1. Arrange the peptides C:349-361, A:190-202 so that the one whose residues have, on average, the most other Cβ atoms within 10 Å appears first.
2. Putting +1 on Lys and Arg Cβ atoms and -1 on Asp and Glu Cβ atoms, find which of C:Gln368, A:Tyr118, B:Asn47 reaches farthest to the positive end of the dipole of the protein assembly as shown.
3. Given +1 on the Cβ of Lys and Arg, -1 on the Cβ of Asp and Glu, and no further charges, what dipole in debye does chain B carry about its Cα centre, rounded to the nearest 20?
4. Between A:His41 and residues 5 or more places away or on another chain, which pairs have amide H atoms under 5 Å apart, with H built 1.01 Å from N, and which residues are they?
5. Taking the Cα centre of the protein assembly as shown as origin, work out the dipole magnitude from +1 charges on Lys and Arg Cβ and -1 charges on Asp and Glu Cβ, in debye rounded to 20.
6. Please find, in a Gaussian network model of chain A (springs between Cα atoms separated by less than 10 Å), the residue of A:Arg132, A:Arg313, A:Arg179 whose mean-square fluctuation is greatest.
7. Considering only DSSP beta bridges with both partners in region A:28-170, what is the antiparallel share in %, to the nearest 5?
8. Counting partner chain Cβ atoms within 10 Å of every residue's Cβ in A:212-223, what's the average?
Amino acid sequence: MILKKRRVSFEEVPSKLASVVVGCAECHTMNPKKHQDTFEHNGYQVNVVVTPEDCATCHPVEARQYSKNLMYNAVGNLKNNPVYHGLVDSALDVQSFKNMKTILKRPDDQTYADACFYCHGTVVEVKGTETRKTAQGEMSFPILSGWPNQGVGRINPDGSKGSCTACHTRHQFSIEMARKPYTCSECHKGPDVPAYKVYSVSKHGNLQSALAKKWNFNAVPWAVGKDFTGPTCATCHVSLVVSQDGDVVAERTHQMNDRLSWRIFGLIYAHPHPESPDTTMIKNKAGLPLPTELTGEPVAKYLIDAKEQDQRRKTMQKVCLACHSTGWVDGHYARFENTVKTTNAATLTATKILLSAWERGAAKGLAQADSIFNEAIEKKWVEQWLFFANSTRYASAMAGADYGSFANGRWFMSKNIQEMVDWLEFKLKKKE
Amino acid sequence: MILKKRRVSFEEVPSKLASVVVGCAECHTMNPKKHQDTFEHNGYQVNVVVTPEDCATCHPVEARQYSKNLMYNAVGNLKNNPVYHGLVDSALDVQSFKNMKTILKRPDDQTYADACFYCHGTVVEVKGTETRKTAQGEMSFPILSGWPNQGVGRINPDGSKGSCTACHTRHQFSIEMARKPYTCSECHKGPDVPAYKVYSVSKHGNLQSALAKKWNFNAVPWAVGKDFTGPTCATCHVSLVVSQDGDVVAERTHQMNDRLSWRIFGLIYAHPHPESPDTTMIKNKAGLPLPTELTGEPVAKYLIDAKEQDQRRKTMQKVCLACHSTGWVDGHYARFENTVKTTNAATLTATKILLSAWERGAAKGLAQADSIFNEAIEKKWVEQWLFFANSTRYASAMAGADYGSFANGRWFMSKNIQEMVDWLEFKLKKKE
Amino acid sequence: MILKKRRVSFEEVPSKLASVVVGCAECHTMNPKKHQDTFEHNGYQVNVVVTPEDCATCHPVEARQYSKNLMYNAVGNLKNNPVYHGLVDSALDVQSFKNMKTILKRPDDQTYADACFYCHGTVVEVKGTETRKTAQGEMSFPILSGWPNQGVGRINPDGSKGSCTACHTRHQFSIEMARKPYTCSECHKGPDVPAYKVYSVSKHGNLQSALAKKWNFNAVPWAVGKDFTGPTCATCHVSLVVSQDGDVVAERTHQMNDRLSWRIFGLIYAHPHPESPDTTMIKNKAGLPLPTELTGEPVAKYLIDAKEQDQRRKTMQKVCLACHSTGWVDGHYARFENTVKTTNAATLTATKILLSAWERGAAKGLAQADSIFNEAIEKKWVEQWLFFANSTRYASAMAGADYGSFANGRWFMSKNIQEMVDWLEFKLKKKE
């Protein structure tokens, strides 16, 4: 059991840290030669941005696991994938209006950093140096682009990716905070990824809201039924969880998808997780960088296979089974698998309406080499999957009740389809 | 005062339980002959689903009171009322699209269980038996339909209805948890019934969020001003509340509507509560199973009368008066009664537009024997009452500020009416 | 340091209170001659409504500062400004429908009090007297209009304005409660002013949700890094904040805008704060009582100048710098200033579409002397700035991530513009 209590994963104490307590300097003077942002400060070589590569000095296993996440590539996956980048631009653009036409202008860098890349991560580079008056006299500091930022896939000035402080908030690095659901909610609460909202109305979320003040959020390992009596996000997706007897229920992982059989949000259709966290390499039959065809069929070559899906499902179910019976868990999963199917079907219907709008010339799409996200019906189509199908799947995955019904769930999928058809009718009539 | 401290309501200790501590077996072996889900387990007759009838062994008064709730009939009220069931189907259907037409398909059972019936309750029946490998060797277990579920009106395998664990979460059965508002929010937070959302921005909700850590949520009876200084849902609707001197402010009740003069959500118009919790028997003049006419007049025969409304109002006001002055309470109620009227008027306006759409052939409704919930304008009509009028009334009832203005409140009622009229105009033009 | 610990701001103890503990009577018998609502009660002259002028007996500095807030004039600013009042009426009106036309009816007083004026404040006046049976026999009490209410700009029966209990909740007057964000959320959570929602998903909000149970919310002065490790609303906008060494980071202020360079919500465009808290005197070039032209140019004469903006920005930045580096703060502010510009640009685009609709006769606006808020396209225009631009600016100001992207943020600005153009096209077609 002793090893299970460790919060660091190095094999030997790094010699540099053998005889010191970790304070400011230990992290902010780490790997100075790799850090483009290192500057001379009172005789020390200090860097501004502490990176996962710095943290890996003591936490190498976590850093390695984390690099297998989609989040690790959250910048590239958005920036270097033309389809996703098109969605970003269509959300952030500042349109102008002239002669009854709207004109799109590419968003500026500050807007990118303020919106999507706030969570995904910015590119932090040294752009120059500035001198400031300080209490110690004039001093020189690097000027950074994309700063401040703590996005999960941040491109760092030492060439590394990610930001541990996205979840392990500076400078307390409280395990209690990382384990509480509010940390995940920083990025996972909006209509595109309503994980926290759904959790908060689930039985699990209720347990946490009502009883967590008595729980021990600092124990490592984390004993279910003793340290806590209801799961948080971390319990099911990250933490080293043990039974009251100390038997391992789930190993700690920072590859957050290794208990996830389906990728249920972000893309047009739910699909098995991509094999590589770098999704820019994916191409579907139509040549689009998407993990499914526009009509929903998964592009199997780039995705985990059924066996791996099954393995991940079982790893998660071991966590469920720490509190629930087999019958309970089986019933829950059967329902969830069904919801994956039905929500994909509802997305397909919306897609067919959109394809029809493109064919009939009511909107301009792929064949016209136009953005597939800029017109009103296209935006309705996006909401069908990005908001409503997502919400419904989260509700199903976490038993979030009304999020599968009226709160951005099935009701809105159904309504949206009717409104898409009406839009198409009005537009075709107008063309006559 | 001694009796007031009891958390059980039996008159005598049931002989079976006289000399034991209640653990797993006491509840899970209760009434084995009634339980269709009883199975042989290591020499014991165990049942999977503990039901209100089992709980009634020690809590008979609560079970009896609970059976007078609409919630107790939440499955039948939805399933066996053609109008409500039509709304369910129109929300959960997976539509397909062909030749510019949408086709509806009845939702499958998993979808029902995953959505509306997650809160309302499923029908839990034994569908067979399966053998599983366990640490104790091969064992046999019943296979249950509609499982898992803890919906308020669940149909149980012993023939009973309801699920106490909807609010009294297994297996801690924490009175603290049941009294905190997060429990109610599991089912009462969506746009159709935004009780928790409204509460959370009310002065009462603020008191709870800011100060509850110092409150005693376990005291029975619950002394206002001593154990707590602001109400939760339970305070006003359920709990045995006493003054600091021990005088009863409100008796404990599990008939949650016995302090409610109006039924303000779920149906087209706010109306006096139905007399019977089984609403399937109600018929309005038009022959529809609705507690009001389509134009809002209450179907008095099936509803509580003004005297009973007054009685219920007074019971609730006694709770208000534990903290507030008569002038305060009177002013609050006058405003709420006015809001019931004005929101009903706004619903009537939306209904008139819909009736006009049906008459002019822009949409298909009752006269055409078509669903009244499947077209875009019908869905807008539904949102007028199910989302916006509801939110406004909750805001009025609980002083929830912006929920009566911009947050799904009056602003949206007003906007919705304009959009309904525009839709009708566009559609009529199209028909020309 | 001793003075910094004071929670009162009088220079000398008022003689009346020199030898008493403050209980009920001290406040409820204050200034009886000024109080229209004073009534004889068991031989005492008691008033119902305690007002800021009463509170000023011990807290004169706070009352004086508060009178410089827009909130102090929240009733007049809404009631006596024809444009704003038009928005109120268009949100609260109960429309009727006849012959394919909607007819607006002015909202009644109860509706005003239940909606916008619940937060803004009502006019509380004595309307008469009523006799009630009490435990002490028959007693006489004043009947008050607009009661109950605790809105920030309430017009009181002693002629004063405001309500301290809006934030300092009766009768605990807990500083802990006032400092927690739930207090602000009572009025600042809706889509028109989503401050709390944005805060709750920010890093700051996460710190508060996860760690506040260990913070000392009662310390005066409030030491950053010692009493708390993340800011609440009060920290940045109101409280006396000191460093761990006791150095003043920010002086206590009840003029909440004195750290705010921009007014980012409520009006069509973000603009420098008005000089006077009474905005009814403002007139733009077009003669409208608005702080900007309809096309966005600020009406400089009535607004604080760049120097004052800079001063306020610096006062706020001193708070930021208590935890963050200069580079961090500069980067954050650059992004925020950019967002003020881009959101104003998005509002201008929506305004141009609306102006086009008015010009082409698709809707009736200023030139036709019609309400600019009553038609569907006008309501979409309102949402562009009142909901979506606001959300985006709050997200930028507080690093609220998805509220600048998908959660009522830029996505909705972009979609709204497309839908406004479509509406205009459909309407013009219809007119042909």
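Bear in mind that the values in this text are calculations on the coordinates, not laboratory data. Quick caveat, the model's predicted, so the values are computed rather than measured. Using ideal geometry, Cβ is built from the backbone for each residue, glycine included, and neighbour counts are taken over all protein chains shown.
1. The packing order, highest mean first, is A:190-202, C:349-361.
2. Farthest along the dipole direction, towards plus: C:Gln368.
3. Dipole of chain B, to the nearest 20 debye: 740 debye.
4. A:Val46
5. Value, rounded to 20: 520 debye.
6. A:Arg132
7. For region A:28-170, the DSSP antiparallel bridge percentage is about 95.
8. 1
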